[in-house]
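Each remark here refers to the structure printed beneath this line.
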Amino acid sequence: MDISGLRIAMFSGNYNMTLDGANKALNRLAEYLLRHGAHLRVYSPTCDDPAFEPTGHLVSVPSFPIPGRSEYRFPMGLSRANRADLARFKPNIVHIASPDRTGHAALRWAQDNDVPVLSSVHTRFDTYFRYYKLGFLEPLIEGIMRRFYNNCDALVAPSQSMIDELLAQKMHDTIGLWSRGVDRHKFDPSRRDLEWRRSHGIADDDVAITFLGRLVMEKGLDIFAETIVQLRKRQVPHKVLVIGDGPARQWFEQNLPGGIFVGLQTEEQLWRAIASGDVFFNPSVTETFGNVTLEAMASGLPVVAAGATGASSLVEDWENGRLIPPGDAKAYADALEPYCTNDDLRMRHGQEGERRSRNYSWDSINAVMSETYRRLVDERAELVAKEAAEAASS
């Protein structure tokens with residue numbers, strides 16, 4: 001099948017309400033598919049003030065604001081109008097990006113209509129609960145996810161480390177790789193802006209330890225703050241640059257006094273801000289790939305990150321950064337200290353990260369997904385034809 005024969009129904013828990021790595025990847029994929037002639041409809045919760053315009057035709061599904069996190073909405077399945085829209089569209093492949101209630105409803109619809117299903121893993125939902133004192137729920141959530149993913153025809157994840165984790169959890173027998181890319185025209189060391197740094201109180205010879213992402217506790221904000229406390233106790237010279245916003249910003253500011261908070265940055269502002277840092281620090285263990293880590297690498301920053309899914313597929317220890325056991329603030333401080341005091345080490349590791357980032361092209365990565373779609377559609381067509389032939393001969 002040619003890509004123009006694809007009719008894809010994509011289901012997302014958050015396609016454009018907020019800006020994060022998952023929906024950026026989905027919108028990138030949608031752009032690639034539409035540019036190459038595929039047909040696509042996206043089903044997702046919507047809001048009145050989304051973070052950005054969606055790529056492709058977006059169909060709203062029933063949802064309600066998540067208590068305490070109103071920037072997100074909880075999907076509530078498929079409405080009668082959604083099902084009628086699906087019937088008119090007649091997809092030949094369903095892509096589910098979140099194992100939520102709408103994702104479960106989409107899976108059942110696909111099974112009832114003999115349409116193959118691919119599911120993509122974008123975040124480690126099972127780990128979120130430990131940041132809100134609900135860690136006892138992890139086994140239950142993991143079990144629900146296992147049943148869901150094993151009922152899909154294919155499962156893809158963005159890094160080999162995440163694939164290994166999913167295989168160990170028995171989420172699926174075979175799991176494909178759908179990596180992530182970085183736009184090298186946007187994220188590049190040349191975006192570094194000394195005047196911008198100075199305007200935020202960062203001198204030319206200061207070393208800015210940088211955080212980039214949504215300010216939510218599951219991004220490891222507590223470990224980040226604890227690590228900075230360790231560095232300050234050692235009197236290691238540095239500044240802290242925080243790029244992003246979110247519901248935990250007040251907590252982060254209170255626990256990171258003296259930190260430079262520049263808020264949400266988009267487009268040219270973001271490219272400039274990340275390239276104007278010096279070391280990227282990402283203690284999160286919820287990442288499945290770590291788009292922000294790749295963006296920091298492309299911008300010429302060495303990376304200190306948790307040795308967990310995502311970063312461990314991007315960072316080569318002592319080559320372009322350091323991988324540290326999750327949650328160990330002292331070890332993180334030990335890793336950050338040489339970057340704050342050794343300009344040559346910082347530059348060498350940053351340059352190596354930038355070189356490694358050149359291997360991640362969005363078009364080549366999304367071409368793999370279109371090939372996976374086509375394979376699943378062809379396999380289902382062959383199976384249907386075989387069953388029809390057997391029925392006719394019996």
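The values are calculated or read from the model by the stated rules, or taken from the named source; none is laboratory data. Model, not experiment: these values are computed from the prediction. Cβ placement follows ideal geometry from the backbone for every residue including glycine, while neighbour counts extend to all protein chains displayed. Keep in mind that these areas ignore ligands, DNA and RNA; they rest on the heavy atoms of the full protein, side chains included. Shrake-Rupley method; radii C 1.70, N 1.55, O 1.52, S 1.80 Å.
For region 221-325, which trypsin sites (Lys or Arg not before Pro) are both in a DSSP coil and crowded by at most 14 other Cβ atoms within 10 Å?
Answer by residue number: 234.
Can you bin region 216-306 into rounded, prolate or oblate? Criterion: square roots of the alpha carbon gyration tensor eigenvalues sorted a ≥ b ≥ c, rounded for a/c under 1.5, prolate for a/b above b/c, oblate for the rest.
rounded
What is the helix-to-structure angle for 101-112, meaning the angle in degrees between its Cα long axis and the longest Cα principal axis of the chain, kept from 0 to 90 and rounded to the nearest 10?
Roughly 30 degrees between the two axes.
State, to one decimal in nm, how far the label point of residue 233 lies from the label point of residue 217, with both points 7 Å from Cα in the Cβ direction.
2.3 nm
Using a Förster distance of 41 angstrom, determine the FRET efficiency expected from the C-beta separation of residue 364 and residue 330, and round it to 0.05.
0.55
Pop out the carbon and sulfur fraction of the accessible area of the chain as a percent, whole number, probe 1.4 Å.
50 percent
Dipole of the chain, Cα-centred, from +1 at each Lys and Arg C-beta and -1 at each Asp and Glu C-beta, to the nearest 20 debye?
Here the chain has a charge dipole of around 660 debye.
Please work out the average accessible area per residue across the chain, using the 1.4 Å probe convention, and give it in Å².
It amounts to 43 Å² per residue over the chain.
Can you compute the charge dipole magnitude of region 29-83 about its Cα centre, using +1 on each Lys and Arg Cβ and -1 on each Asp and Glu Cβ, nothing else charged? Give it in debye, rounded to the nearest 20.
340 debye
What do you get for the angle between helix 21-35 and the principal long axis of the chain? Use alpha-carbon atoms, 0 to 90 degrees, nearest ten.
Orientation of helix 21-35: about 50 degrees from the principal axis.
Could you tell me which label, among (i) 60, 50, 42; (ii) 55, 49, 44; (iii) 81, 40, 39, carries the value of Cα extents along the principal axes in Å calculated for this structure?
(iii)
Using a Gaussian network for the chain with springs between C-alpha atoms less than 10 Å apart, which of these wobbles most: 218, 316, 382?
In this elastic network of the chain, the residue with the biggest mean-square fluctuation among 218, 316, 382 is 382.
Given the protein chains as shown and a 1.4 Å probe, how many square angstrom of residue 186 are accessible, to the nearest 10?
60 Å²
Taking the convex hull of the alpha carbon atoms in region 126-278, what volume per residue do you get, in Å³?
In region 126-278, the Cα convex hull volume per residue is 153 Å³.
Lysine pairs in the chain with Cα distance under 30 Å, only those 8 or more apart or on different chains: how many are there?
Lysine pairs meeting the criterion: 20.
Among 300, 37, 321, whose mean-square fluctuation peaks in a Gaussian network model of the chain (Cα, cutoff 10 Å)?
37
Whole Å is fine, so just give me how far the alpha carbon centre of region 304-328 lies from that of region 42-103.
Answer, in whole Å: 34.
When the solvent-accessible surface of protein heavy atoms is calculated with a 1.4 angstrom probe, in what order do 93, 223 fall, highest first?
Correct descending sequence by accessible area is 223, 93.
How would region 1-133 be classified by its alpha-carbon gyration tensor: rounded, prolate or oblate, with rounded meaning a/c under 1.5 and the a/b versus b/c comparison settling the rest?
prolate
For the chain, what is the percent of antiparallel DSSP beta bridges, rounded to the nearest 5?
10 percent
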